[in-house]
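Below: one structure, written as structure tokens.
The values are calculated or read from the model by the stated rules, or taken from the named source; none is laboratory data. These figures come from a predicted structure and were not determined experimentally. Glycine also receives a Cβ, built like all others from the backbone with ideal geometry; neighbour counts cover every protein chain displayed. Please note that ligands, DNA and RNA were not included when accessible areas were found on the heavy atoms of the full protein model with its side chains. Shrake-Rupley method; radii C 1.70, N 1.55, O 1.52, S 1.80 Å.
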Amino acid sequence: MCKGKDKQKFAFSAKKFIFRRRNMSATAKFGSGRENELDATRSHRHNGKSMKFSSHALQAGTRGAAMLALGLAFILNSCEEKEPAVPAETAAAPVAEPAPEPQVDMLAETREALFNYAVYTLGSKVTSPETFPELNSMVKDMLEKLRAYYTELQKQAPSEERARLALQIATTTRDLGAYAKAQGEYENALAEVEALPEELRSTPACQRLLSACQNGIGVCLLAQNKAADALLRYEAALVVDEGLYNQVGPKEGEELPEGEVSPEISKAAADLLDSYRCLGDCLRAMEDPEEARATYMKGQTLAQRLKRLSTEMSLSYVKLLTSLGNLDNSLGKSKEALQSWVVAAKICQGLNGSSPKLEVKAETKRCFDALLPAIQSVGQKVQAEQSASEARAAEEKAAAEKAAAEQAAAEKAAAERLAAEQAAAAQTPAAPEAQAAPEAPAVDAASQEETNKRVRRRRRRS
């Protein structure tokens with residue numbers, strides 16, 4: 001890198017690979033499938049040939065380019081810049097600090113960017129030794145460096161830095177698929193947070209760490225088929241995230257202030273969306289789809305009410321919509337599932353095209369690639385169902401029209417018959433009225449009695 005007497009020498013170091021105390025302002029936030037979200041408080045000047053090369057290699061997407069970039073990350077993060085040796089006779093004399101050379105700053109930035117990409121983005125992609133074992137081995141090696149630095153920090157008093165590092169170790173272990181071991185790491189990180197002084201532990205930053213630890217433990221428990229235990233952890237994280245959002249978020253009926261969404265609201269809303277998703281996923285695993293859907297809908301209502309979402313919030317919303325679509329699809333609600341997935345895919349496309357950050361592009365591409373086959377498959381199913389429904393509707397309409405026509409024809413024929421009968425009746429002459437028969441003469445009661453007596457006498461004689 002440098003020439004002459006200022007030439008830098010590089011050697012392996014597990015203590016100062018990247019986590020220098022002056023650079024420990026990065027914040028990691030994790031949950032059920034929560035991707036690491038770095039708090040970009042460090043200034044990265046993405047210029048110079050080295051940075052351009054690494055960005056191009058990482059975006060290329062080919063195995064060779066990724067391996068080359070990660071190889072550079074491994075080399076850069078395995079080395080420590082050392083000062084040139086000073087003769088013994090001049091060691092005590094004050095020496096003027098040389099002006100930093102651009103190559104050294106560029107090297108540090110490139111090293112940091114590549115390390116973050118390798119650990120925080122690739123960690124979730126290499127969850128089995130069968131998938132790119134070279135990358136898996138490399139991330140494991142970086143994990144050992146994390147642990148080495150954590151061991152050094154354990155010699156000091158509990159600190160937020162140490163708690164964050166413990167959380168990063170736990171999440172990287174989880175991303176490698178070692179859920180049982182990662183659960184222990186998360187428990188350790190939780191203990192680190194709880195060991196902090198009360199005034200520090202109650203800050204929003206440490207509360208986020210607390211929520212991340214609870215969610216991380218929930219992920220590991222759920223992966224080990226311990227849904228009931230995971231549910232308790234997710235509920236604990238949700239309580240923390242709801243409290244943080246209520247402190248900084250807009251009240252009911254209010255809208256976000258004009259301009260960009262503040263980092264505080266962005267983080268709080270993203271964490272709350274993640275917690276709703278985590279809890280919903282756990283409820284679904286416990287075969288409680290109604291409660292799961294109600295939980296997802298709380299997150300969707302929150303995102304729709306905010307209207308304007310930051311990149312961080314949008315990524316969390318994409319994952320929540322994906323889970324909601326998965327649930328609806330499993331319940332046979334293909335149309336509802338497709339609607340959720342299409343919205344999530346459109347958000348991914350927008351973020352991928354507008355964000356300059358490599359990690360955002362990589363994450364949105366991963367989410368979009370996972371959504372696309374589902375959208376195509378279910379979309380074809382919905383289209384077929386819609387076509388069948390339209391065909392049935394057309395048949396029903398034709399049948400109804402035919403029945404109506406037949407009914408009208410029958411009514412018309414009946415009316416014509418009635419009219420013909422009435423006309424025929426009007427043309428036939430009326431028959432003469434029959435004369436009444438003459439009435440029999442009236443017989444009084446006395447004459448009738450006399451007649452009866454005569455009839456009886458004749459019968460006796462005979």
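Taking the 1.4 Å solvent-accessible surface of the range 313-366 as the whole, the part contributed by carbon and sulfur is 54%.
With distances taken between every two different alpha-carbon atoms, the range 214-276 has a Kirkwood hydrodynamic radius of 12.8 Å. Per-residue packing, averaged as other Cβ atoms within 10 Å, sorts the ranges 140-148, 237-245 into the order 237-245, 140-148, beginning with the highest. Packing order of peptides 334-340, 199-205, 384-390, highest average first: 334-340, 199-205, 384-390 (average count of other Cβ atoms within 10 Å over each peptide's residues). Accessible surface calculations at 1.4 Å, restricted to protein heavy atoms, place the range 366-419 at 74 Å² per residue.
The ratio of the alpha-carbon radius of gyration of the range 339-437 to the globular-protein estimate 2.2 N^0.38 Å is 2.83.
Quick check on my link table: of Lys267/Lys319; Lys333/Lys381; Lys267/Lys298; Lys333/Lys397; Lys335/Lys397; Lys181/Lys226, which ones sit more than 21 Å apart, alpha carbon to alpha carbon? Lys333/Lys397; Lys335/Lys397, as the Cα separations exceed 21 Å there. Highest mean packing first, where packing is the average number of other Cβ atoms within 10 Å per residue, the peptides 321-327, 351-357, 175-181 line up as 321-327, 175-181, 351-357. Across the accessible surface of the range 178-224, with the other protein chains kept in place and a 1.4 Å probe, carbon and sulfur atoms take up 56 percent.
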